[in-house]
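Here, each number is a calculation from the coordinates, and none is a lab measurement. The structure displayed is predicted, hence computed values, not measured ones. Virtual Cβ from ideal backbone geometry, glycine too; neighbours counted across all protein chains shown.
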Amino acid sequence: MDKIEKIQESKNRLLNDLYAAVQYTPDQQADLVAMMAQYIKEEPENRPPLLEHIRHCMDGEPYPNPYADQFSYSEQDVDQCGKILDEYAAAMEACDGTPEEIRRLTGEVTGRINQLNEACNSSLIDTWRRDRLCEFINGTAELAGAKPGLDMTYGQRMW
């Protein structure tokens, strides 16, 4: 795998992981376990609706996504993240390769990801995702002419 493919793979792994967390596919067994755990943790007066959802799931009837409230970001937020990274890659491809231009572009993408992550209650980028994101941003900067091995996001990122 060459450098460009490796960088693109970092972005793809990041986005696939983000999408996997918010794209719901019903799974009766896993959903029952999740709903029962919610039921046990809930105050007794708030349990009746959860019990109804459990019954619907057991009977194969439609029921709400038991994971819906676990994430502070949506598919649209993941789409926006992908768009930001694509725009960054296109800008780096078109840049003049000077250290100043590369720093400016990495600063911009880092700032935009900071804003998006903050809008998602800082839940979009965890440690594993941060590493993939840095691989992509720094690798793309290296392809444009940045010195290899530098973390161009350090000191600017809030994730």
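Taking a straight line from the alpha carbon of Lys41, these aspartates and glutamates sit under 17 Å away, with near neighbours fewer than eight places off in the same chain left out: Asp31, Glu52, Asp69.
Only lysines eight or more places from Lys3 in sequence, or on another chain, were considered; those with a Cα closer than 20 Å are Lys11, Lys147.
Mind checking the angle between helix 3-22 and the chain's longest principal axis? C-alpha axes, 0 to 90 degrees, to the nearest 10. That works out to roughly 20 degrees. Seen against the Cα atoms of the chain and their longest principal axis, helix 127-144 is set at about 30 degrees. For the stretch 114-159, the calculated P(r), taken from all Cα-Cα distances in 10 Å bins from zero up to the bin holding the longest distance, is 28, 50, 21, 2 percent. Put the Cα centre of the stretch 1-75 next to the Cα centre of the stretch 114-133 and the gap is 19 Å. Among Gly145, Gly60, Gly97, the largest mean-square fluctuation in a Gaussian network model of the chain, built with springs joining Cα atoms closer than 10 Å, belongs to Gly60. Shape annotation for the chain: C-alpha extents along the principal axes are 63, 31, 22 Å, from largest to smallest. To the nearest 10 degrees, how steeply does helix 28-41 sit against the main Cα axis of the chain, on a 0 to 90 scale? Approximately 80 degrees, to the nearest 10. Highest mean packing comes first when the peptides 18-29, 74-85 are listed by Cβ atoms within 10 Å, giving 74-85, 18-29. With a Förster radius of 22 Å applied to the beta-carbon distance between Lys147 and Asp126, the computed FRET efficiency rounds to 0.20.
Across the stretch 1-84, Cα-Cα pairs more than 16 Å apart make up 62 percent of the total. Evaluating 6.51 cos²θ - 1.76 cosθ + 1.60 at θ = phi - 60° for every residue in the stretch 90-105, the Karplus couplings come out as 5, 5, 5, 5, 8, 6, 7, x, 6, x, 5, 5, 5, 4, 4, 5 Hz, glycine and proline recorded as x.
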